[in-house]
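Heads up, the thing below is written out as structure tokens.
The values are calculated or read from the model by the stated rules, or taken from the named source; none is laboratory data. As the structure is a prediction and not an experimental result, all values here were calculated from the model. All Cβ positions, even for glycine, are placed from backbone atoms using ideal geometry, and neighbour counts span all protein chains on display.
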Amino acid sequence: MATDGRRRDRPWRDQPPRAQRRPPHEARVFRLALAGGLPAVTVVLWWLWLEPHPLRVRLTLTLIVVGGWIGVALGLREQVIRPLQTLSNLIAAVREGDYGIRARGAGEDDALGLAFHEVNSLADTLRGHRMKALEADALLRRVTEEIDVAVFAFDAAGALRLVNPAGEQVLGRPALVVLGRTADALEVAECLQGPSPRLVELALPGARGRWEARHGAFRLDGRPHTLLVLTDVSRALRLEERAAWQRLVRVLGHEINNSLTPIKSLAGSLLDLTARPTPPADLADDLRDGLAIIAGRADALQRFMGAYAALARLPDPQRATLAVDAWVRRVAALETRRPVIVRGGPAISIVADGDQLDQLLINLVRNAADAALETGGHVEIGWAVRDGSVEVAVDDDGPGVSGSANLFTPFFTTKQGGTGIGLVLSRQIAEAHGGTLTLESRAPAGARATLVLPMGR
């Protein structure tokens with residue numbers, strides 16, 4: 001669309017008083033054109049009135065000269081004012097968001113055409129930016145409408161300014177009813193307090209149970225707002241808890257059956273022996289052997305349940321200053337089956353529960369020694385400081401890690417007579433101290449257990 005150059009009607013605001021107002025640009029151009037032609041018109045009229053012409057002829061010629069003078073001045077005024085009006089209309093359209101208007105005669109061969117060309121290019125650029133912003137806004141609105149997460153936006157006064165369909169379901173009321181109401185009135189003010197994220201208990205018309213609340217600040221139209229996002233974690237937690245119970249029952253049932261099956265079989269066999277009319281001559285030996293096996297299986301089952309109880313009742317760490325060098329060397333000296341080499345590291349201390357870390361490192365060194373026994377290798381321990389944490393590495397020359405996906409699954413073990421508790425308990429201790437524990441194979445052979453602990457916690 002091209003502008004026709006007509007001036008738009010716009011309110012005159014913030015203008016100076018009439019006594020101080022400058023004449024319009026059109027009037028100044030017209031006066032300048034008149035002044036430019038005044039000398040020539042004066043000469044022509046002077047010459048005309050000096051010639052002996054009749055009065056009617058003089059008056060007619062005077063009117064023609066003056067009219068032509070004024071007409072030329074008006075034409076010059078129009079040639080100057082019309083492009084400026086066109087440029088003004090184009091800039092006003094861009095300011096108002098109308099990027100479809102264009103100026104004719106845009107080119108780079110003169111200054112005015114170059115100005116038209118640049119403004120047209122600016123309109124094209126702004127139009128592209130506007131389209132991208134509209135598309136991004138439409139995408140954001142579509143996403144907030146489709147996601148199963150409640151989204152709220154509150155202004156600085158705490159009034160609700162934006163809510164998505166999931167948020168309407170949480171509040172149990174449509175947006176037309178809740179918009180403009182405060183967080184206190186909507187009973188979600190608690191979600192805007194405290195750390196983010198955190199779990200909260202909600203009892204709203206459309207939301208009950210445990211929800212994860214995240215909040216943060218943003219600005220809209222230059223004003224501060226608060227964004228609140230609520231995610232229902234009750235269902236996910238219930239599914240995870242059910243899966244955990246299923247795994248636990250499956251493992252417990254397997255271990256208990258492994259002990260009860262031979263106990264039941266032996267008890268039945270011994271009962272048959274004692275029920276015979278004529279007891280066999282070696283009945284006493286059979287009873288002694290059978291009862292010994294039953295006692296052994298009962299002891300194994302008791303050890304298994306004791307290990308599980310220890311895992312479930314891990315106490316909170318009792319933190320104190322712990323020298324890493326003394327801690328590592330003390331634990332390394334407890335392993336006598338294979339050589340344990342302490343590579344050492346920087347002289348540092350951490351704040352941790354020494355007893356729990358002893359148990360953790362003993363488990364790691366024992367597992368490494370078990371692996372090294374298979375190949376006749378040795379165990380090495382070293383530590384270093386990285387990114388404000390101490391990293392303790394336990395290396396062995398064993399056959400490497402197998403079944404890595406289940407290494408930290410409770411009761412999973414690849415060792416004969418193992419309980420599957422050691423690594424799980426060790427990781428639990430590490431996480432209770434704010435750290436991590438990993439176990440992986442290393443090239444060309446062997447495995448490495450890496451314990452990372454924060455130094456200041």
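Things worth noting here:
- Scanning the stretch 127-143 finds no residues that are closer than 23 Å to residue 233 by Cα and surrounded by 17 or more Cβ atoms within 10 Å (Cβ to Cβ).
- Yes/no for residue 121 being modelled with pLDDT under 85 and over 30 Å from residue 85 (Cβ atoms): no
- Pair list, Cβ < 7 Å and 6+ apart or interchain, from the stretch 388-400 residues that are on the phi > 0 side of the Ramachandran plot to residues that are in a strand (DSSP E or B) and modelled with pLDDT of 95 or more: none
Okay, residues lined up against (1) small (Gly, Ala, Ser); (2) at pLDDT below 85:
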{"position": "167", "(1), (2)": "yes, no"}
{"position": "182", "(1), (2)": "no, no"}
{"position": "224", "(1), (2)": "no, no"}
{"position": "235", "(1), (2)": "no, yes"}
{"position": "242", "(1), (2)": "no, yes"}
{"position": "249", "(1), (2)": "no, yes"}
{"position": "266", "(1), (2)": "no, yes"}
{"position": "270", "(1), (2)": "no, yes"}
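- Residue within the stretch 357-364 that is in contact with a Lys or Arg (Cβ under 8 Å, 6 or more places away or on another chain), in contact (Cβ under 8 Å) with a residue 60 or more places away in the chain and either of a type in the set (Val, Ile, Thr) or in a helix (DSSP H, G or I) (or both) present: no
- Members of the stretch 160-177 found to be in a helix (DSSP H, G or I) and surrounded by 14 or more Cβ atoms within 10 Å (Cβ to Cβ), listed by number: 165, 166, 167, 168, 169, 170, 171, 175
- Pair list, Cβ < 8 Å and 6+ apart or interchain, from the stretch 164-179 residues that are among the basic types (Lys, Arg) to residues that are part of a loop (DSSP other than H, G, I, E, B): 173/205
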